[in-house]
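The values are calculated or read from the model by the stated rules, or taken from the named source; none is laboratory data. Keep in mind the model is a prediction, meaning the values are calculated, not measured. Here the Cβ positions follow ideal geometry from the backbone for every residue, glycine too, while neighbour counts run over all protein chains shown.
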């Protein structure tokens, strides 16, 4: 995952909340239009953090195809994302989670992918584990989301300033230098 600090996209209604832009090529390379299975992979593996089980019935594949076409035509609301999550046997998310990571409404499949990537970026920074982060914050209210994600939600100028201690003045153990003596 590549992390870059950039200005937030202007089309995002709550863009002031996310101050980092995350990129994850594996998510961007999913071809959901051509392969409806990739929609389930995006949700199950990349959003919910679970092992992806590609055993989808033909009926489910047809439903995913219809959902994909509908997302491209009409976008995706919070309620529709929850229906998709239930179809894939996953836990639902609250409105504040949806708004924080996806905005008020997902307009395209690329917006859906970017929302998942936004979640994964914060999840890795704050929790180090996608599955744990999803279970932990999927039902959080906005204020708890903001406080739970800590300083990553704030403008960089509002963060605490570094202490200004030179590297050579910091404690460094022998193990960190590659020499293991008498531990």
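Starting from the stretch 39-54, keep only residues that are in contact (Cβ under 8 Å) with a residue 40 or more places away in the chain and at positive phi, then list their pairs with residues that are part of a helix (DSSP H, G or I) and crowded, with 18+ Cβ neighbours inside 10 Å whose Cβ atoms are within a distance under 6 Å, requiring at least 6 positions of separation or different chains.
Here the result reads 49/130; 49/134, each pair linking the stretch 39-54 to a residue that is part of a helix (DSSP H, G or I) and crowded, with 18+ Cβ neighbours inside 10 Å.
Of all residues in the stretch 1-58, how many are closer than 21 Å to residue 108 by Cα, at pLDDT below 70 and touching a strand residue (DSSP E or B) at 6+ places or on another chain (Cβ under 9 Å)?
4
Give me the residue from the stretch 59-97 that is modelled with pLDDT under 90 and not in a helix (DSSP H, G or I) and, out of that set, farthest from residue 31 (Cα to Cα).
89
Can you report the number of residues in the stretch 85-103 which are surrounded by 12 or more Cβ atoms within 10 Å (Cβ to Cβ) and out of contact with any helix residue (DSSP H, G or I) (no Cβ under 6 Å at 6 or more places or on another chain)? Let's see the steps before the verdict.
Taking the stretch 85-103 as the starting set, the residues that turn out to be surrounded by 12 or more Cβ atoms within 10 Å (Cβ to Cβ) are 85, 87-88, 90-103.
With the extra rule that they be out of contact with any helix residue (DSSP H, G or I) (no Cβ under 6 Å at 6 or more places or on another chain), the set shrinks to 85, 87, 90-91, 93-94, 97, 99, 103.
Counting residues in the stretch 85-103 that are surrounded by 12 or more Cβ atoms within 10 Å (Cβ to Cβ) and out of contact with any helix residue (DSSP H, G or I) (no Cβ under 6 Å at 6 or more places or on another chain) gives 9.
Restricting to the stretch 26-58, count the residues that are under 16 Å from the mean Cα position of the chain (by Cα) and in a helix (DSSP H, G or I).
So the count comes out to 12.
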